[in-house]
Every structure is written in C-alpha cells, then in structure tokens.
Amino acid sequence: MSNVLRLCLDLNIWCAALLADLKGRQNTSSQYLVEIVRQGVCPLGFVKLIISWGMLNRLRLVLEKNLKVSRSAADLYIDTIRGYAELHPFSTGAQLTLGGTGVIALSDTEDAHVLGTALAGRASVLVTANFKDFISNDTRIIVAGRHAIHTAPAHVLQIARPYYMMEWLRAGQIPEIEGICGSRDI
C-alpha cells in the first residue's frame with residue numbers, strides 16, 4: 001500500500017461525527033471519515049490528515065460555545081485530532097500547518113481558512129457538508145452540489161460532500177484530475 005490520501009476534513013465533519021457519537025448513532029459518513037483518519041488507513045491507502053492550528057482553535061470555540069461541550073472535553077477532542085495529524089505513519093513530527101491565510105476569495109473567512117489549509121497542506125480532497133460555501137471563480141463544478149475541483153497556482157484539489165467521498169471509498173478510487181494527480185499521492 002503505497003498511496004497516501006491527503007485528507008482535509010472541514011470542521012462540520014468533526015462536529016457531525018461527535019454529535020452522532022453523542023446521540024448513539026453509528027456508521028454515518030462523518031463518523032467513518034473520522035475513523036479512517038484515526039486509523040491512518042482506508043481502502044485507497046494510507047490517510048494523512050491535513051489540518052491547521054487555526055482550524056483546531058476554531059473547532060474548540062464551536063464545541064464550547066455552540067455545542068455546549070465542556071472545556072475539558074473540548075480540549076481532549078482537540079488533542080486527539082492533533083494527535084491524528086502528528087502520528088501519521090509517514091510523519092516526521094508535527095504535520096499541522098499554519099495555512100489558511102485568508103487571501104482566498106470566499107465570502108466566509110472561516111471557509112477561506114479551511115480551503116487555504118487544504119491547499120497549503122496539498123490535500124487530495126477537502127470534505128465538507130457546506131459544499132456551496134467553497135465555490136469560487138477558481139472552482140470548477142463537476143457534479144452539482146457534490147463534487148468540484150479547486151485550482152490554485154501551486155495545487156489542485158477536489159472538494160466533495162461526505163457521502164460522495166464515501167462513494168469514492170466504496171468504489172476504491174477517487175476520480176483523477178485530468179493528468180494532474182501525482183503517482184504517489186491520490
């Protein structure tokens with residue numbers, strides 16, 4: 001298994017997985033995506049989490065203020081996610097990126113930060129439940145409301161809704177971006 005899926009999960013995926021866990025739900029797309037990040041492997045190969053300190057700080061705030069999670073529980077969740085990024089089989093230390101400088105033209109600065117992080121970390125796929133929020137002049141819609149390709153000067157990445165990403169995982173492949181995908185990264 002030599003492929004590496006560089007995966008950026010939007011904050012709404014982490015929140016949805018946590019809420020599903022708290023409600024006793026099982027096998028949601030978000031839970032599965034978090035699980036493959038936790039395991040560091042999926043049907044496509046190894047999984048490397050792409051996330052930034054800014055994303056983790058924002059997630060902590062959302063957990064405490066919006067979801068009313070205790071500070072200690074929020075800290076534990078954040079530390080766990082940070083561990084996933086740092087303990088990847090191919091890591092050589094912390095893999096958290098500064099990324100997300102906010103220069104991307106999206107209407108929401110938080111979404112611009114997430115997209116900037118995905119680009120800075122050279123993510124293969126950015127998975128989000130807020131698909132429409134990541135559409136810009138640099139984005140080409142492949143399947144309306146489900147799949148897009150974002151092109152930046154230094155990197156091209158796919159944006160997908162969670163259930164669409166699940167379809168790719170079940171099929172055992174991610175659609176190729178016409179001649180752009182590298183041989184070792186998916």
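The values are calculated or read from the model by the stated rules, or taken from the named source; none is laboratory data. These numbers were taken from a predicted model, which means no experiment stands behind them. Because the Cβ atoms are built from the backbone with ideal geometry, glycine has one as well, and the counts that use them run over all protein chains shown. Only protein heavy atoms, including side chains, enter the accessible area calculation; ligands, DNA and RNA are left aside. Shrake-Rupley method; radii C 1.70, N 1.55, O 1.52, S 1.80 Å.
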Restricting attention to the range 137-149, report how many residues are assigned to a loop (DSSP other than H, G, I, E, B), under 20 Å from GLY116 (Cβ atoms) and open to solvent by less than 90 Å² (accessible area, probe 1.4 Å). 1
Within the set of pairs 6 or more residues apart or between chains, which connect a residue that is closer than 10 Å to LEU11 by Cα inside the range 56-68 to a residue that is part of a helix (DSSP H, G or I) and among the basic types (Lys, Arg) with Cβ atoms less than 8 Å apart? LEU56/ARG82
Is there any pair with a first residue in the range 166-186 that is under 14 Å from VAL127 (Cα atoms) and part of a loop (DSSP other than H, G, I, E, B) and a second that is modelled with pLDDT of 80 or more and open to solvent by less than 40 Å² (accessible area, probe 1.4 Å) whose Cβ atoms are under 6 Å apart and which are 6 or more apart or on different chains, and what are they? ILE174/TRP168
For the structure I just gave you, tell me whether ILE180 is modelled with pLDDT of 85 or more and open to solvent by 50 Å² or more (accessible area, probe 1.4 Å). no
With respect to ALA118, determine if the residue is at pLDDT below 90, surrounded by 17 or more Cβ atoms within 10 Å (Cβ to Cβ) and in a helix (DSSP H, G or I). no
Going residue by residue through the range 150-164, is there one that turns out to be assigned to a loop (DSSP other than H, G, I, E, B) and at pLDDT 95 or above? yes
Taking the stated definitions as given, is LYS48 of a type outside the set (Asp, Glu) and assigned to a strand (DSSP E or B)? yes
Enumeration of residues in the range 1-33 that are more than 17 Å from SER124 (Cβ to Cβ) and among the aliphatic types (A, V, I, L, M): LEU11, ALA16, ALA17, LEU18, LEU19, ALA20, LEU22
Across the range 17-64, what is the number of residues that are of a type in the set (S, T, N, Q), under 21 Å from LEU119 (Cβ atoms) and open to solvent by 30 Å² or more (accessible area, probe 1.4 Å)? 1
The one condition in (1) over 30 Å from GLN173 (Cβ atoms); (2) among the small types (Gly, Ala, Ser); (3) in contact with a His (Cβ under 9 Å, 6 or more places away or on another chain) that SER52 fails to fulfil: (1)
